[in-house]
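Single-structure report; data block below.
The values are calculated or read from the model by the stated rules, or taken from the named source; none is laboratory data. Please read all numbers here as calculations on a predicted model, not as lab measurements. Cβ atoms come from the backbone with ideal geometry, glycine included; neighbour counts cover every protein chain shown. Quick note on the areas: whole protein, heavy atoms, side chains included, nothing else; ligands and nucleic acids left out. Shrake-Rupley method; radii C 1.70, N 1.55, O 1.52, S 1.80 Å.
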Amino acid sequence: MSRMPLTEKKATTSPISTHTQRDERRRKLADVRQELVLDAARSVFFELGMEKTSIREIARRAGYTPGALYSYFPSKEHIYGALLGESLERLNTQVQLALEAAASPAERLRAGASAFFDFYRVNPHDLDLGFYLFQAMAPRGLTPELDVHLNTRLRDALLPCQAALQAMGLDEARATAEVTALFAHIVGLLVMSHTGRIRMFGQSSQELFSAYLAHLLKRAQGGKSA
């Protein structure tokens, strides 16, 4: 008995599928190029500072023309905003990871505050990023929307500490004041540490932070504000 010949089916690709794959490749390529720009910008900012940094220098280090960079970022301030945004996301991730093993409010306060301090202690350039656009005590160069977003993400990293303080009995106003003081203390210690100024006092930023945190825990547990 003769067999009927099998009809070979040709593999077909949907035009929609091809278009989607092409778009996905374009997006991945754009992401890679944008990351190259950000890496170059990071090195320029850290080396030259915000004022001396130019789009031309960022483009040169990234291997692009200045015109090509403008297709990704309209200004160096927007590049700065992207870098700071990425830094703040890493900060928030570190804080959240530290909180996973913390059960009681006191443990959460210690874990959250320590993670915040350690992030900037180990990554001094990330602390530098937070100061580049400040002159005469006023931020400049960022759009109001971006400024609000970045400040919100910084505040998010401190909210677990405030929540822990409130869980320990402090009202919202007192908890906010304590978190503000905690933030100021951390930044002050790290600026002194990163600039070497703390050596003139023969002190350790880590030891001073630990002492401050211990006093904060004692105040919160005693229900007293300082």
* Is there a residue being under 30 Å from ALA175 (Cβ atoms), of a type outside the set (Phe, Trp, Tyr), open to solvent by less than 60 Å² (accessible area, probe 1.4 Å) and part of a strand (DSSP E or B) anywhere in the range 86-101? -> no
* Asked: Can you tell me which residues in the range 111-132 are under 15 Å from ALA101 (Cβ atoms) and charged (D, E, K, R)?
  -> ASP118
* Only residues in the range 61-89 that are hydroxyl-bearing (Ser, Thr, Tyr) count as the first member; pair them with residues that are surrounded by fewer than 14 Cβ atoms within 10 Å (Cβ to Cβ) and assigned to a loop (DSSP other than H, G, I, E, B), Cβ under 9 angstrom, at least 6 apart or cross-chain, and list the lot. => none
* Determine, yes or no, whether ALA111 is assigned to a loop (DSSP other than H, G, I, E, B) and either out of contact with any strand residue (DSSP E or B) (no Cβ under 6 Å at 6 or more places or on another chain) or among the basic types (Lys, Arg) (or both). => no
* Structure fact -> Of the residues in the range 34-77 that are outside any helix (DSSP H, G or I), in contact with a helix residue (DSSP H, G or I) (Cβ under 6 Å, 6 or more places away or on another chain) and not β-branched (Val, Ile, Thr), the one that is most open to solvent (accessible area, probe 1.4 Å) is TYR72
* Meets criteria (open to solvent by 60 Å² or more (accessible area, probe 1.4 Å) and outside any helix (DSSP H, G or I)) for GLN221 -> no
